Amino acid sequence: MNLEKFKGIFPAFYACYDDVGEISENRTKELCNYLYNKGVKGLYVGGSSGECIYQNLEERKATLKYVAESLRGKSTLIAHVGAPSTRESVILAKYASELGYDALSAIPPIYFKLPESSIFNYWTEIMNSTDLPFIIYNIPQTTGYSLSIQLFKKLLENTKVIGIKNSSMPVMDIERFKAVEENLIVFNGPDEQYVSGRLIGADGGIGGTYAVMPELFLMAEEFVSTGDFNNARRIQRDINDIIIALCSLNGSMYSAIKEVLKLRGINIGSVRGPLEAVSGEDLNKINAIKELIDQAISSYLKVTK
């Protein structure tokens, strides 16, 4: 398999709701077109940024469908199908395959503390349910499980495994996974360390803040790819300043992101509880965050021209 289509910038797609909190077809497709026109490599659909654990199966299938209708054959589409049960995950996997997605991905099982044998069986059943390639998702800070090298090697015996999205905070983990198999796609997960993740072995990134500032991550990738490490370091610093600002408000970071996108003309609604919307005085700070993003974009456009 040619893995080049999995290298680059992949925004983690946001949940797109209408004004009463239901999945919106129009708003989903509007965000798809917005990101496609920005030039990202593809989308990671239905993960944490998509508020997957707060949606039922039909809602998740709807988002998968609307994204596929917008971008199938135009962008690389990865469907996150992790769900509370193996049965639900397999249903989503088969549906994504029918829709023409390029690959599947899934977090490990959540809530119960399970032995690695159960985690192995869960991922394997998802993999074996379709012919699509599979990308492991390691995110211990939310799932409570950190993928071991031993289980990683065992999973790689299945030829459907083509990569891993690593969202653990130690950047060394990226190097360790890459060291196991050089021809494996490794995605940097933590947006705060995109540049360091790329330098230590990641082939690209999947991130929850990419879609609110795709220009900056695309430029960060350009700096890394061309060996302009001084500007790569500088743009990561500015990205981190923006992420800190997005996380400094009372309310979910995703709510803050959606408010910034509204100022950019992209209304994808708010967030679903128990995620909390930004409100009150903090809403007045959204414009300043947008200006911070716009100023950084303008600054680095001068460098890349």
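The values are calculated or read from the model by the stated rules, or taken from the named source; none is laboratory data. Worth saying up front: this structure is predicted, and the values here are computed from it rather than measured. Because the Cβ atoms are built from the backbone with ideal geometry, glycine has one as well, and the counts that use them run over all protein chains shown. For the accessible areas, the whole protein counts, side chains as well, though only heavy atoms, and no ligand, DNA or RNA atoms are used. Shrake-Rupley method; radii C 1.70, N 1.55, O 1.52, S 1.80 Å.
State whether the residues of the range 54-65 include one that is within 17 Å of the chain's Cα centre (by Cα), farther than 23 Å from Gly273 by Cα and modelled with pLDDT of 95 or more. Looking through the range 54-65, none of the residues is within 17 Å of the chain's Cα centre (by Cα), farther than 23 Å from Gly273 by Cα and modelled with pLDDT of 95 or more.
Just need a number here: residues in the range 286-298 that are in contact with a helix residue (DSSP H, G or I) (Cβ under 8 Å, 6 or more places away or on another chain) and without any contact (Cβ under 8 Å) to a residue 60 or more places away in the chain.
6
In the set (1) more than 17 Å from Pro11 (Cα to Cα); (2) free of Cβ contacts under 8 Å to residues at least 24 places away in the same chain, the condition left unmet by Ser255 is number (1).
When each of Ser270, Ser255, Ser248 is tested for being open to solvent by less than 10 Å² (accessible area, probe 1.4 Å) and either more than 28 Å from Lys178 (Cβ to Cβ) or at pLDDT below 95 (or both), the lone residue that passes is Ser255.
Could you list all residues from the range 146-165 that are in contact with a strand residue (DSSP E or B) (Cβ under 8 Å, 6 or more places away or on another chain) and in a loop (DSSP other than H, G, I, E, B)? Answer for the range 146-165, where residues must be in contact with a strand residue (DSSP E or B) (Cβ under 8 Å, 6 or more places away or on another chain) and in a loop (DSSP other than H, G, I, E, B): Ser146, Leu147, Asn158, Lys160.
Pairs meeting the criteria (first residue in the range 160-181 and over 15 Å from Gly205 (Cα atoms), second residue of a type in the set (Gly, Ala, Ser) and open to solvent by less than 60 Å² (accessible area, probe 1.4 Å), beta carbons under 8 Å, at least 6 apart or on different chains) are Ala179/Gly201.
Any idea which residue in the range 166-206 is nearest to Ser48 (Cα to Cα), counting only those that are part of a strand (DSSP E or B) and hydrophobic (A, V, I, L, M, F, W, C)?
Across the range 166-206, the extreme among qualifying residues is Ile206.
Scanning the range 195-215 for residues being without any contact (Cβ under 8 Å) to a residue 60 or more places away in the chain and not hydroxyl-bearing (Ser, Thr, Tyr) gives a total of 7.
The residue that is farthest from Gly46 (Cα to Cα), among those in the range 166-220 that are open to solvent by 30 Å² or more (accessible area, probe 1.4 Å) and among the small types (Gly, Ala, Ser), is Ala179.
Output yes when any residue across the range 276-287 is part of a helix (DSSP H, G or I) and open to solvent by less than 50 Å² (accessible area, probe 1.4 Å), and no when none is. Checked the range 276-287: at least one residue is part of a helix (DSSP H, G or I) and open to solvent by less than 50 Å² (accessible area, probe 1.4 Å).
Assess whether Tyr137 counts as being assigned to a strand (DSSP E or B) and not hydrophobic (A, V, I, L, M, F, W, C).
When the stated conditions are applied, Tyr137 passes them.
Would the range 42-49 turn up any residue that is assigned to a helix (DSSP H, G or I), open to solvent by 50 Å² or more (accessible area, probe 1.4 Å) and either over 15 Å from Gly269 (Cβ atoms) or at pLDDT 95 or above (or both)? Taking every residue of the range 42-49 in turn, at least one turns out to be assigned to a helix (DSSP H, G or I), open to solvent by 50 Å² or more (accessible area, probe 1.4 Å) and either over 15 Å from Gly269 (Cβ atoms) or at pLDDT 95 or above (or both). Taking the range 71-101 as the range and being in a loop (DSSP other than H, G, I, E, B) and surrounded by 17 or more Cβ atoms within 10 Å (Cβ to Cβ) as the test, the residues that pass are Val81, Gly82, Ala83, Tyr101. Among the residues of the range 90-110 satisfying the criterion of being over 17 Å from Val161 (Cα atoms) and out of contact with any Pro (no Cβ under 7 Å at 6 or more places or on another chain), which is modelled with the lowest pLDDT? Taking the candidates together, the pick is Pro109. Determine whether Ile126 is farther than 22 Å from Lys41 by Cβ, open to solvent by less than 10 Å² (accessible area, probe 1.4 Å) and of a type in the set (A, V, I, L, M). Judged against the criteria, Ile126 is a match.
Within the range 102-123, the residues that satisfy the criterion of being open to solvent by 40 Å² or more (accessible area, probe 1.4 Å), part of a helix (DSSP H, G or I) and of a type outside the set (Ser, Thr, Tyr) are Glu116, Phe120, Asn121.
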